[in-house]
Amino acid sequence: MTEPATGLLTSSQQEANTKSGGCGCDSTTAPGMDEKLKARIANHPCYSEEAHHHYARMHVAVAPACNIQCNYCNRKYDCANESRPGVVSELLTPEEAAHKVLVVASKIPQMTVLGIAGPGDPLANPEKTFRTFELIADKAPDIKLCLSTNGLMLPEYIDRIKALNIDHVTITLNTIDPEIGAQIYSWVHYKRKRYKGVEGAKILLEKQMEGLQALKEADILCKVNSVMIPGINDQHLVEVNKAIREKGAFLHNIMPLISAPEHGTHFGLNGQRGPTNKELKEVQDQCSGNMKMMRHCRQCRADAVGLLGEDRSQEFTKEKFLEMSPEYNLENRQEVHEGIEKFRAEIKLAKEKAQAEKEANSNKKILVAVATKGGGLVNQHFGHAKEFQVYEVDGKEVRYAGHRRIDQYCQGGYGEEATADNIMKTIADCQAVLVSKIGNCPKEKLNAAGIQTVEAYDVIEKVALEFYEQYVKAIQ
């Protein structure tokens, strides 16, 4: 998905955002947020960092056309191997998409959110997009509806979005300066005319700002996605952050540019690099005092299915899901969600207990990498991990800092040496890796590189704080 979720704040919501400090903490527990707003995001895996451990989302690819050309985008409609926005395995009709949603909702009852994010722009394909939402709203009323757009046509469709009860909208907004926009967008197609350079970027920005205001007035939550492009908009994103905060955006997601020659994008073919993990975190940290930051985005495909960080789309290809019966059962889904909420409450108590038992005996901050399959637990074998979730730890708190994709270490005996080297480079700034299990060979390699290993099966915060305590004692 170009990732759905954007929420514009009313004046009371803006005040709550300010009171919370915008520290990047879980938005469902931030102080100052009213209960109604908490409920709106509580089981949305994009809007709530904590919820993404437990609830799944899916995207349906019904919107192939796009009305702008970004220099970081190359839409692919038959690709099963790449994981990035604009990529899908196959396009669907609205009727096929609705069938697929009902199938997935029965097979993955923890799926709570349906988003349309492409592979083009949903509002450049309005009839297909809104027909899909109409079918799903009628047959699966408990599923949240999300829309992700570049914002060019957003002002024209705000009433229809509101009428369909689409409560979460994401706008990809990379700059508030048309001169910078001219370096990011090749062209903008508006009102049957194609505009290039500063002229096109100016039209897009004007419509994005109108759209932000319209979402705020309609009380629709808005997440803003910004692609961080070193040398172009990286130093400018602090200004973007302030501007969208003033316009009422609920959440800001600063994402790294995905750029490789094999993707066939303008930036990829011209050697434009993406940011390092350190550069990305520094910009996110600079913006975090102004408003809430989304740090758990996975820059999903436009047909992604499952928890953030996993992709089960190949389980539900058109050939497969059309043969499946859509056994959607609202009562069964509600029972599953009740079980999840009970488990979340237990995890929350365990976190609070772990933090209450620790004294902040040091202001030093460290990073730890965690292998997890979800649930807020250290519960994955090192060799099976395809990403690490990274947390920043001090003597009292454990904060989510982002994720790092890796190649799976266990390769059946082939290529593990090179894979281990790449993993160590990816988490070189981490003091430890928290895993459920790890083999002797990778453990020795990590320890030799100065990265400690901790084997546990417990709440992430508890394991991280226990390691931190031992780490500080060792260096004193």
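Quick notes on this structure:
- Using C-alpha pairs under 8 Å with a sequence gap of at least 6, the mean separation divided by the residue count of the chain gives a relative contact order of 18 percent.
- If you wrap the tightest convex hull around every Cα atom of the chain and split its volume per residue, you get 140 Å³.
- For the chain, the Cβ-based charge dipole about the Cα centre amounts to some 600 debye (Lys, Arg positive; Asp, Glu negative; other atoms uncharged).
- Where the chain is the region considered: accessible area per residue in Å², 1.4 Å probe: 41
- Under 26 Å of direct C-alpha separation, and excluding same-chain neighbours fewer than eight residues apart, K107 reaches these lysines: K128, K139, K144, K318, K320, K342, K373, K386.
- For region 196-255: rounded, prolate or oblate by the Cα gyration tensor [a/c cutoff 1.5]: oblate
- CD proxy at 222 nm, helix term only [per DSSP H run n ≥ 4: -39500 (n - 2.57); per residue of the chain; nearest 500]: -11500 deg cm²/dmol
- The chain: DSSP helices with Cα axial extent of at least 27 Å and average Kyte-Doolittle hydropathy no lower than -1.0: 197-217
- Surface composition of region 155-211: carbon plus sulfur atoms contribute 46% of the solvent-accessible area (1.4 Å probe, protein chains only, all chains present).
- Computed over region 295-447, Kirkwood Rh from alpha-carbon pairs, angstrom: 18.2
- Principal axes of region 397-476: Cα extent on each, largest first, Å: 38, 24, 21
- DSSP-loop GluC sites (Glu not before Pro) across region 276-340, with at most 16 other Cβ within 10 angstrom: E310, E323, E327
- Mean-position separation - Cα centroids, region 149-204 and region 300-325, in angstrom: 29
- Carbon/sulfur fraction of accessible area - region 246-314, other protein chains in place, 1.4 Å, %: 46
- log₁₀ of I(q)/I(0) at q = 0.18 Å⁻¹ - region 293-381, Debye sum with one point per alpha carbon: -1.19
- Placed amide H near M255: partners under 5 Å, 5+ positions off or other chain: S226, V227, M228
The values are calculated or read from the model by the stated rules, or taken from the named source; none is laboratory data. Not measured: the values here are computed from a predicted model. Counting neighbours? That spans all protein chains shown, and the Cβs are built from the backbone with ideal geometry, glycine included. Note: areas computed on protein heavy atoms with side chains; ligands, DNA, RNA excluded. Shrake-Rupley method; radii C 1.70, N 1.55, O 1.52, S 1.80 Å.
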